[in-house]
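Remarks on the structure that follows.
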Amino acid sequence: MSNKIALILLSIILILSCNKSEEDVPQIKPIATYTVIFDTNGGNTIDQLNVKEGNYILKPTDPTKACLDFDIWYTNQDLTNVFDFAAPITNNITLYAGYKENLSPIDRLKLIELIECGVELDLINTSNVTDMNRLFYGDKTLNGSIADWDVSNVTDMSEMFSKNEAFNQDISNWNVSKVVDMSEMFGEAKAFNQDLSNWDVSNVVNMNQTFSRAYIFNQDISGWDVSKVQDMSYLFNQAYVFNQNISAWNITKVKDMSGMFSSANAFEYDITNWDVSNVNNMHSMFSFNTTFNQDIGGWNVSNVTNMASMFLGAEIFNQNIGNWDVSNVENMNVMFAQTDEFNQDIGGWNVSQVIGMNGTFFKANSFNQDLGNWDVSSVRYMPEMFKGTPFNFDISGWNVSNVENMFEMFRQAVSFNQDLSTWNVASVQNMSGMFSQTNEFNQDISNWDVSNVTNMQFMFSEAKAFNQDLSDWDMVNVGNIARMFSEASNFNQENIKSWNIQNTTLIEKSLFGTAMPLTFRYDIRPDESPF
C-alpha cells in the first residue's frame with residue numbers, strides 16, 4: 001500500500017515540474033569584444049587590439065618619433081588623462097601617445113637627430129656622448145652656439161668639422177682630454193681660425209689631416225702635448241698661413257709624417273731638433289713646400305721605409321742630408337723631382353733596399369752629384385729617373401739586373417753621356433723614350449740584351465748625337481718601335497735592317513720619322529732592306 005502512495009506522489013511532482021514557465025530558466029549572457037586603437041601621434045604604427053570585456057592589455061613597445069622620446073599613453077587627445085594598464089577593458093577605446101623632448105642624447109645618432117631637427121645647439125646636454133665623428137661634416141649650418149658643450153667624454157672627433165666651410169665658432173674652452181682621434185677634424189674647414197691653445201690633447205693618437213686645407217688657421221698650438229700622437233700625416237697640408245712655433249713638440253711616438261708640411265708655404269719655424277727616430281713614412285712630407293729650407297741633416301731617419309715625393313716641388317730646399325741613414329727605405333719615387341736648388345752629395349747613401357726610383361730626380365734642375373757607388377740591385381723601376389736633369393756622372397757600375405722599366409729614364413738629360421755598355425738590362429720591358437731629347441749621349445750599348453723589351457717607342461727620338469751600331473739587338477719581342485729614331489739627326493746605321501721585328505705591331509707612320517722617312521714592314525727579313 002505504501003509503495004502505491006509513493007508512486008502517486010512522484011507522478012504529481014513530475015507533472016507540476018513540466019508545467020513550469022520558460023521565464024523561470026536563467027539565460028547565459030555573451031561576453032563582449034572591444035577594440036583598442038593606438039594613436040601614435042606621428043610615431044611608427046602600432047596594430048590595434050581586439051580584447052574581451054574584462055581582460056587586460058599589455059603595454060606595447062614604445063613608439064618612436066623623430067626628435068622626441070616616448071613618454072606615456074593617454075585616453076584623450078588633450079593628453080591629460082593617463083591610461084591605466086592595470087584596469088580591465090570595458091569599452092572601445094583609443095589611446096594617444098605622449099612624447100617628451102630629450103635634450104640629453106645618449107649617443108652620436110641621438111645627437112645627430114636633435115641637430116637635424118633644428119634644436120638649438122646651446123640647449124643640448126652632450127655630456128653622455130662619446131663619439132662626435134662627422135657631426136658637422138659638410139655645409140651644415142649650426143643653429144646656436146656650441147661653445148659651452150660638455151665634450152669631456154668624447155673620444156672620437158674625427159672629421160667633426162671637415163668640409164664645413166662656414167664654421168668658425170669659439171670652442172677654446174672645450175675639455176678634449178679623452179679624445180683619441182682628431183683625424184681630419186678641421187680638414188677643409190676653410191673659415192676656421194680660433195684659439196685652441198688651452199686644449200688638452202694629451203690622449204690624442206691620430207692627427208691625420210687635422211688642419212689639412214684649413215686655409216686661414218694660424219693659432220698658437222705650441223703648448224700642445226702631442227706625446228701620444230702616432231699619425232701626423234698631412235697634419236698641415238695646404239694650411240697656407242700656418243706659421244707657429246712647434247719646435248718643442250714631443251713627437252717621439254710619431255710613425256707617419258707623410259705630407260705633414262706639404263704646401264704649408266708659410267711655415268718657417270725650426271724643427272731641426274725633432275726626434276723622428278720612430279717615423280717610418282715621410283712620403284710627400286715637404287712636397288710643394290716652396291719656402292722650406294731648414295737644416296734637417298741631423299735627423300735620425302733610420303726607420304723610414306717610404307721617402308717617395310718627400311721633397312717633390314720643394315723648390316728652394318738645398319740642405320746637406322748626405323749623412324742620413326736610408327738603409328731601410330724602399331720607395332724613393334720622385335723624391336727630389338722638380339726641385340730647383342737641391343744639389344747635395346748623397347753618393348754615400350745606402351739605397352740597397354730601394355725598389356722604386358721612378359722619377360727620383362725628375363726635373364731636379366740643379367742636381368749633378370756622383371751616385372756611382374749606389375747599390376741599386378733591388379731597384380725594379382727607374383722610369384724618368386734623370387729626366388730633365390743636368391746629371392752627368394759615371395754610373396757604369398750600377399747593377400740594374402732587376403730593373404723592369406726604364407721609360408724615359410734619361411729623356412731631356414741634355415748633358416748625360418756616360419758609358420752604360422756593361423749594364424745588364426735583360427729584365428727591362430719598357431725602354432720607350434729612354435734617351436729621347438738627349439743632346440750628348442752617344443755611347444756604345446750594342447751588347448745590351450734587350451730580348452725582353454716590348455716597347456721602344458721614341459727611344460732615341462731627337463737624340464741629336466746618338467749614332468751607334470745596334471744591329472745585334474734581339475728585337476723579337478718588341479711590339480712598339482714607333483718613331484724610335486724620329487729626328488735622331490745623326491743616326492745613320494742602316495745595318496739595323498737585320499733586325500727581326502716580325503712581332504712588331506706598332507710602328508705607327510715611321511720608325512725614323514723625318515730622319516729616314518721609310519717604313520719597316522711587319523715581316524721584314526734580313527735580305528729585305530727597309531731603306
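The values are calculated or read from the model by the stated rules, or taken from the named source; none is laboratory data. All values derive from a computational prediction rather than experimental measurement. Neighbour counts are summed over all protein chains in view; Cβ atoms, including those assigned to glycine, are modelled from backbone coordinates with ideal geometry.
When the criteria are applied in full, VAL400 fails the requirement of being closer than 21 Å to PHE466 by Cβ, touching a strand residue (DSSP E or B) at 6+ places or on another chain (Cβ under 8 Å) and either among the hydrophobic types (A, V, I, L, M, F, W, C) or outside any loop (DSSP other than H, G, I, E, B) (or both). Scanning segment 177-192 for residues that are surrounded by fewer than 23 Cβ atoms within 10 Å (Cβ to Cβ) and either of a type outside the set (Asp, Glu) or out of contact with any Ser or Thr (no Cβ under 9 Å at 6 or more places or on another chain) (or both) yields SER177, LYS178, VAL180, LYS190, ALA191.
In this entry, ALA308 passes the filter for residues that are in contact with a strand residue (DSSP E or B) (Cβ under 9 Å, 6 or more places away or on another chain), within 20 Å of ASP340 (Cβ to Cβ) and at pLDDT 95 or above. Here is the figure for segment 456-469: residues that are surrounded by fewer than 22 Cβ atoms within 10 Å (Cβ to Cβ) and in contact with a Ser or Thr (Cβ under 9 Å, 6 or more places away or on another chain) total 4. Considering every residue within segment 68-79, establish whether at least one is without any contact (Cβ under 8 Å) to a residue 12 or more places away in the chain and out of contact with any helix residue (DSSP H, G or I) (no Cβ under 9 Å at 6 or more places or on another chain). Yes - at least one qualifying residue is present in segment 68-79. Tell me yes or no: at least one residue of segment 250-265 is surrounded by fewer than 17 Cβ atoms within 10 Å (Cβ to Cβ) and either in contact with a Gly (Cβ under 7 Å, 6 or more places away or on another chain) or under 22 Å from LYS190 (Cα atoms) (or both). The answer is no; no qualifying residue exists. Considering segment 52-70, the residues that are surrounded by 15 or more Cβ atoms within 10 Å (Cβ to Cβ) and modelled with pLDDT of 90 or more include one that is farthest from the chain's Cα centre (by Cα), namely ILE57. Candidates in segment 471-506 are the residues that are of a type in the set (D, E, K, R) and part of a loop (DSSP other than H, G, I, E, B); of these, the one that is farthest from ASN430 (Cα to Cα) is GLU487. Among the residues of segment 88-95, is there at least one that is buried (at least 17 other Cβ atoms within 10 Å of the Cβ) and of a type outside the set (Phe, Trp, Tyr)? Yes, because at least one residue in segment 88-95 is buried (at least 17 other Cβ atoms within 10 Å of the Cβ) and of a type outside the set (Phe, Trp, Tyr). A count restricted to segment 76-87 and to residues that are under 22 Å from LYS52 (Cα atoms) and either surrounded by 15 or more Cβ atoms within 10 Å (Cβ to Cβ) or hydrophobic (A, V, I, L, M, F, W, C) (or both) stands at 5. Of all the criteria given as (1) surrounded by fewer than 18 Cβ atoms within 10 Å (Cβ to Cβ); (2) closer than 29 Å to ASN320 by Cβ, the one not satisfied by VAL354 is (1).
Restricting to segment 1-40, count the residues that are under 30 Å from LEU95 (Cβ atoms) and either modelled with pLDDT under 90 or of a type in the set (Val, Ile, Thr) (or both). Residues in segment 1-40 being under 30 Å from LEU95 (Cβ atoms) and either modelled with pLDDT under 90 or of a type in the set (Val, Ile, Thr) (or both): 8 in total.
Search segment 214-234 for residues being buried (at least 23 other Cβ atoms within 10 Å of the Cβ) and of a type in the set (Gly, Ala, Ser), and hand back the single one that is nearest to ASN281 (Cα to Cα). For segment 214-234, the residue satisfying everything is SER233. Kindly indicate the residue of segment 82-120 that is over 20 Å from ASP62 (Cβ atoms) and among the acidic types (Asp, Glu) and also nearest to the chain's Cα centre (by Cα) among those meeting that condition. Restricting to residues being over 20 Å from ASP62 (Cβ atoms) and among the acidic types (Asp, Glu), the top hit is GLU116.
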